[in-house]
Amino acid sequence: MNVTKVTVKGFANTYIIEGDEGAILIDTGLPGCEKAILDKCREKNISLQLIVITHGHFDHIGSAAALKRETGALVAVHTEDAQALRTGMSKMDRPVGLIAHLMPLLMRSVKTDPVEPDILIDEEMSLQEYGIDGRILLTPGHTSGSISVMLTSGEAFVGDLIMGGFFGKIRPRRPNLPPFEIGRDSIKNSVNYVLEQNPTVIYPSHGGPFAPQDVARWADSL
Ligand SMILES: [Zn+2]
Ligand SMILES: [Zn+2]
């Protein structure tokens, strides 16, 4: 499985995963990030079948409408976070820390084009149909509808369940809590669930990647 990271606006990672018979995109960045992703697809001659949205925040759903329009790929999101796509409004849970308390102001100021999701996820789902040897895991915690992608080859893509450093900027390879959560227990359970899948590497949406043993050590301290 070939993984290409496209970091948009300097802080949000999106990932293109190519299998033998298809390609998927994980997250879409902020509004206006479609060009960077489309350019990479063109450069590598990739046609996207599916766009997996890890959760309904503006820096993940921002270019979903444009990318769906341009590529015809289907958009998949968990039922609980689908409303964010439909309305273009980020879903906000309990803020952790000062910055997070200020973020709703920022989030309200970012306009995201609404898009109707094609696939609503409410249980684990195989990605075989899209040419990818892997599956979608339910990993609630950052939001109630947060999901991860686990490839059979060992790569785990966890969205904002684990954040690299401070928004991927300071000490990006150090695992950190995300700025919003539905509850600490949910975060812990989901991190442990990802670790139980025996990943070889863990890719977050901000910063990273992480070695599983670093995440395990961090998870013990939660
Ligand atoms: Zn988020
Ligand atoms: Zn994010």
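Are there any helices (runs of 4 or more DSSP H) wholly within the range 29-83 with 1 or more residues that are without any contact (Cβ under 8 Å) to a residue 40 or more places away in the chain, more than 27 Å from P179 (Cβ to Cβ) and charged (D, E, K, R), and if so which?
34-43, 64-71
Mind checking whether some residue in the range 6-20 is in contact (Cβ under 8 Å) with a residue 24 or more places away in the chain, part of a helix (DSSP H, G or I) and open to solvent by less than 10 Å² (accessible area, probe 1.4 Å)?
no
Show the residue pairs that are 6+ apart or on different chains and have beta-carbon atoms under 8 Å apart, the first residue being within the range 150-168 and within 16 Å of T200 (Cα to Cα), the second being within 11 Å of ligand 1 (Cβ to nearest atom) and open to solvent by 10 Å² or more (accessible area, probe 1.4 Å).
Once the first residue is within 16 Å of T200 (Cα to Cα) and sits in the range 150-168, no partner that is within 11 Å of ligand 1 (Cβ to nearest atom) and open to solvent by 10 Å² or more (accessible area, probe 1.4 Å) comes close enough.
For the range 84-101, give me each residue that is assigned to a helix (DSSP H, G or I) and either in contact (Cβ under 8 Å) with a residue 12 or more places away in the chain or under 21 Å from S144 (Cα atoms) (or both).
The answer is A84, L85, R86, T87, I99, A100, H101.
Taking the range 144-171 as the region of interest, how many residues are within 16 Å of ligand 1 (Cβ to nearest atom) and in a strand (DSSP E or B)?
Within the range 144-171, residues that are within 16 Å of ligand 1 (Cβ to nearest atom) and in a strand (DSSP E or B) number 10.
The values are calculated or read from the model by the stated rules, or taken from the named source; none is laboratory data. As the structure is a computational prediction, the values presented were derived from the model and not from experiment. Here the Cβ is made from the backbone with ideal geometry for all residues, glycine too, and neighbour counts use every protein chain on show. The protein model used for the area step is the full one, side chains on, heavy atoms only, and it has no ligands, DNA or RNA in it. Shrake-Rupley method; radii C 1.70, N 1.55, O 1.52, S 1.80 Å.
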